[in-house]
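Accompanying notes for the structure given below.
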Amino acid sequence: MSVAEYTPVQMRLSAVLDMQNQIASAAMSGWQATRQKMTLFHALGAVAESRALVALAGLLVAFGGMLLVAAGGAAAGGFFLVVLTALAMLGAFLLLALATGHAHIGGRQAETLTAAAIADGLGEAMQLMRLDGTPLWTNAAGQRLLKGSAAGGLTGLEAALGGTAEVSETFYRLMRGAAAGAPCQADLRVDPPSDGLGPRGSVRWVRIVASPVEDTSWSAAELGPLVLWRIFDVTPQVEQQTRSLVGLESMLARFQAIPLGLVATDADGEVTYLNEMSASLLGLGSAAAAGALLRDRAVKLSDLFANDGAELIASATREPGALVDTELDLVREDGLLLPVRVLARGDATAGIVLAVLDLRADPTTDQAKETSSARFSRFFRSAPLGIATLGRDGTIISANAAFSRMLLNGDSGVGTAVGERLVRGLDEDKSQAILAGLTRVTGGRTGVAPIDISSPQKGAATRRIYMSPLSRARGASEAAILYVIDVTEEKQLEAKFAQSQKMEAVGKLAGFVAHDFNNMLTAIIGFSDFLLQTHRPTDPAHADLLNIRSSAARAAGLVAKLLALARQQTLLVEPLQLGELMTDINPLLRRSLSERIAVDISSGRDLWYVRTDKLQLEQAIINLAVNARDAMPEGGRFSISTRNVTERESRRLNHVGMQPGEYVLIEITDTGTGMSKDVLDKIFEPFFTTKAPGKGTGLGLATVYGIVKQTGGFIYPESEPGKGTCFRIYLPRYHLDEKDEAVIIERAEAKKRVEQADLTGSGCVLVVEDEDVVRSFSVRALTRQGYTVLEACDGLEALEIMGAHQARIDLVVSDVVMPGMDGPTMLKEMRKANPDVKIIFVSGYPNEAFQQALGEETFAFLPKPFSLPQLAAKVKEQLGR
């Protein structure tokens, strides 16, 4: 391409000189940056300009010299001779200054000349063009590539590379990427018609790079956005990679054919390769089937070997270059065990390579010829309990994988002093007992009792160690043998059993106290309500009556906590959507928390129903909120959120004891002081508290736990000192039926009726109560509300009154536990004569037998102690059904 085509650049020489600093910086950063900043394009005008100036200086020297020779015979002092001599000297000095670098043509001609020379000297083809494909400049390699191609721009490059659909698609994609401002590249297999990339007809691989050129003021104005195309031959590199792949495939083929099982894992213990023999040993059929298995699911090394074989291999190969030679049991796909010899080598970063030999195929290991020591060695290493032999100095001579896992944190332990390893992190008494036992058995004496220790490396895991001496055979190096079994689960069961016994005792105590105590509290609260109605707030006795009633209510709350703690209270379970609960409890929460605590309550959309006691669940949340308030004395944030948990999600949760299923989650979080792990392990124990004496009973969280568990849910706390606490309550999803929907509608209507201020009514009510004081209060309370009240002291008397006034009695209010005939038996007898009779059971301790005895009977329930308004509201609610 001629220089004349670059007239716009030459005419803008001043603009080129303004770019001097940018071009100099590009030249210093190398050819790559220079090329990206259009130095190649600028170089063309600079080359033409520099050649013209050099030619001018040479012409001055030659012209002056010729005239000087021609005028040699003229008068030496003539003016003309002086002028010619001055011009010749000027041209000579100009050439000398240019040659030595003391004079420069413009600000960047040297850099652009260098860039142009490099571009022409590169082996890769380069072409600069507009976005529409119009070519502006091509280097020497590009011209050779385009030789014989009549088309220009992208069309010319496509034709030079074969002009196939694949070539055209590649160029179109790269041009779009460059137009978007991002460099793009692609490797392409071509069969070029020209010899610019090699002999005609030869298959070549080329790499095509399209790079957008940064806009400059002159390029954007004169030429628009530009793209620099680079095409270079990568055939040698591709051929080298192909040869390497062929060699690797050949090597893998040899590995497939070798009569030895080969297994490779990554650093995480996941199997990445199985050859043909190893696939056969595992019962997978072929290496192809094994490869498909590895692609479909993650196969761990522990899946291939029985018991602790994989852990033995992993622990012994932690040191780089360590070689393991042992006999283990391989677990086949069908579950059968296969005795094998394993040689393994690896490290913690590169993974492990194993060679597996089938002992059945080795004639020296035939069952008839196998020595007893070889069989014992295999049984010893694969035993599920830990076994180790000790020397007389207490060092470990041999240890199986289970012993290493349970006590030595995965190390093989051979050659280490077992006493030092076992007592590390233990208290002094336990350490002395272990060291004394080791001294005794290594000395050949028996009578060492088993010792339970908690492994410092394994958290709360408990191991039981048995120590026995070995007979001192001549030449024997082993002096003692240690057996270790994991008793963690046993200890946990013991703790659960002890806890259940404690809870059973508390439950019996609560049941003994609750019935009689709640009867007394009902009388105290009821008669206090009567007196409060007859004493004005200005009366001096009014404040005393309020204190009496408040103390009785606190005593009733304590009994309720004891019942909840022992999971003995009767829950009024009903279908409930937690979104409604959050709405109702919001004002109560804000009153329970400090003003310095920000409250955030959010409910998930379309929450599922749960079946629980609303009041008890509210009480559990309030208890957690009060604890959060005490943990944030300086203020903070308290948040409650609810959402659905699918069965798939529940399977991924690591909560112990939680069965997979659908749940509704209540997440309660605070930003308080948090708790240590020791405190966190005890927070649900009865009467455990970290508060100062008189500040708490230690029953709050225990009550929460009892309420959640009795509902069939699960509660899991998480906390760290200084990072706050989070309680997650999972309640099982409840699927509604037609009967439940009717109950929900009835509950909403009853709630509207109860919200009315007028609790008076009419009708005949039969009160059945064996406690005189409670019966007296109930009769007076209902009489004052306008009802006609009949009373009976037990179930037998109630049946007599019912027979005499059957048509008149609209409702029965009865105690549950009574002498002679209890409440459930009385109800069944009444229903024989009047199936539609309505009844409200009141009780301070209705146990499970009460619910079972009623079966499918319809009834209402009012727990003792109750107040006058509660009794009146319940009666009016039932009569309005």
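Quick one: if the Förster radius is 45 Å, what FRET efficiency do HIS655 and ASN834 give, using the C-beta to C-beta distance and rounding to 0.05?
Values: r = 50 Å, r/R0 = 1.11.
E(calc), rounded to 0.05, equals 0.35.
For LEU796, LEU128, LEU284, what's the largest-to-smallest order of accessible area, 1.4 Å probe? Show your work: numbers first, answer last.
Working: LEU796 95, LEU128 5, LEU284 35 Å².
My answer, sorted largest first, is LEU796, LEU284, LEU128.
Round to the nearest 10 and report in Å² the accessible area of HIS735, as given by a 1.4 Å probe over the protein chains' heavy atoms.
120
Place the peptides 490-497, 607-614 in order of packing, highest mean first, counting for every residue the other Cβ atoms within 10 Å and averaging per peptide. Working shown, then result.
Values: 490-497: 11.8, 607-614: 20.5.
Ranking the peptides 490-497, 607-614 by packing returns 607-614, 490-497.
Between ASP132 and SER639, what is the label-point separation in nm under the 7 Å Cα-to-beta-carbon projection?
Using points 7 Å along Cα→Cβ, the separation is 5.8 nm.
Given the pairs LYS691/LYS723; LYS614/LYS723; LYS838/LYS864; LYS614/LYS677, which are separated by over 26 angstrom at their Cα positions?
Details: LYS691/LYS723 19 Å; LYS614/LYS723 31 Å; LYS838/LYS864 19 Å; LYS614/LYS677 31 Å.
Among LYS691/LYS723; LYS614/LYS723; LYS838/LYS864; LYS614/LYS677, the Cα-Cα distance tops 26 Å for LYS614/LYS723; LYS614/LYS677.
Just the accessible area for GLU769, please: 1.4 Å probe, Å², rounded to the nearest 10?
Number for this one is 10 Å².
I want to check the label-to-label distance for ARG445 and THR155. Put each point 7 Å from Cα in the C-beta direction and report it in nm to one decimal.
Here the modelled spin labels are 10.6 nm apart.
With r as the distance between the Cβ atoms of GLU124 and GLN256 and R0 = 45 Å, compute the FRET efficiency 1/(1 + (r/R0)^6) and round to 0.05. Intermediate values should be presented prior to the final figure.
Working: r = 42 Å, r/R0 = 0.92.
Computed FRET efficiency for GLN256 and GLU124 comes out at 0.60.
Summing +1 for each Lys or Arg and -1 for each Asp or Glu, what net charge is found among the other residues whose Cβ lies under 15 Å from the Cβ of THR669?
On the way: positive: ARG629, ARG637, ARG643, LYS723, ARG728; negative: ASP600, GLU667, ASP670, GLU718, GLU720.
Its environment carries a net charge of 0.
In nm, what is the difference between 0.36 nm times the number of residues separating ASN547 and THR858 and their Cα-Cα distance? Working shown, then result.
Numbers: separation 311, 0.36 × 311 = 111.96 nm, distance 3.79 nm.
Fully extending the segment from ASN547 to THR858 adds 108.2 nm.
Order 327-337, 531-541 from most to least packed using the mean count of other Cβ atoms within 10 Å.
327-337, 531-541
Which percent of the accessible area of the stretch 288-330 is formed by carbon and sulfur heavy atoms (probe 1.4 angstrom)? Kindly include the intermediate steps, with their values, before the conclusion.
Details: 1000 of 1990 Å².
Using a 1.4 Å probe with all protein chains present, the stretch 288-330 comes out at 50 percent carbon and sulfur.
Report in % the part of the accessible area of the stretch 585-639 that belongs to carbon and sulfur, leaving out ligands and nucleic acids; probe 1.4 Å. List each step's numbers first, then the result.
On the way: 1240 of 2870 Å².
Solvent-exposed carbon and sulfur of the stretch 585-639 make up 43 percent of the total.
Give me the net charge for the shell around ASP606: Cβ to Cβ below 15 angstrom, other residues only, Lys and Arg +1, Asp and Glu -1. Numbers along the way, then the final one.
Details: positive: ARG605, ARG643, ARG733; negative: GLU580, GLU662.
Within the 15 Å Cβ shell, the charges total +1.
Using amide H atoms built in the peptide plane, which far-off residues or other-chain residues are under 5 Å from VAL816 H to H?
The answer is VAL842.
Find how much the distance from LEU879 to ARG176 grows on full extension, using 0.36 nm per residue of separation minus their present alpha carbon separation; answer in nm with one decimal.
Numbers: separation 703, 0.36 × 703 = 253.08 nm, distance 8.03 nm.
Full-extension gain reported as 245.1 nm.
Just to be sure I understand the model, the point goes 7 Å from the Cα along the line to the Cβ. What's the resulting GLN806 to VAL626 distance in nm?
Roughly 5.0 nm, to one decimal.
May I ask you to compute the full-extension gain from ARG554 to LYS723, defined as 0.36 nm times their residue separation minus their alpha-carbon distance, rounded to one decimal in nm?
Value of the extension gain: 57.5 nm.
At a probe size of 1.4 Å, how large is the accessible area of LYS832, to the nearest 10 Å²?
Surface accessible to solvent at LYS832 totals approximately 150 Å².
The values are calculated or read from the model by the stated rules, or taken from the named source; none is laboratory data. As the structure is a prediction and not an experimental result, all values here were calculated from the model. So basically every Cβ, Gly included, is an ideal-geometry build from the backbone, and we count neighbours across all protein chains shown. These accessible areas exclude ligands, DNA and RNA; they are computed on the full protein's heavy atoms, side chains included. Shrake-Rupley method; radii C 1.70, N 1.55, O 1.52, S 1.80 Å.
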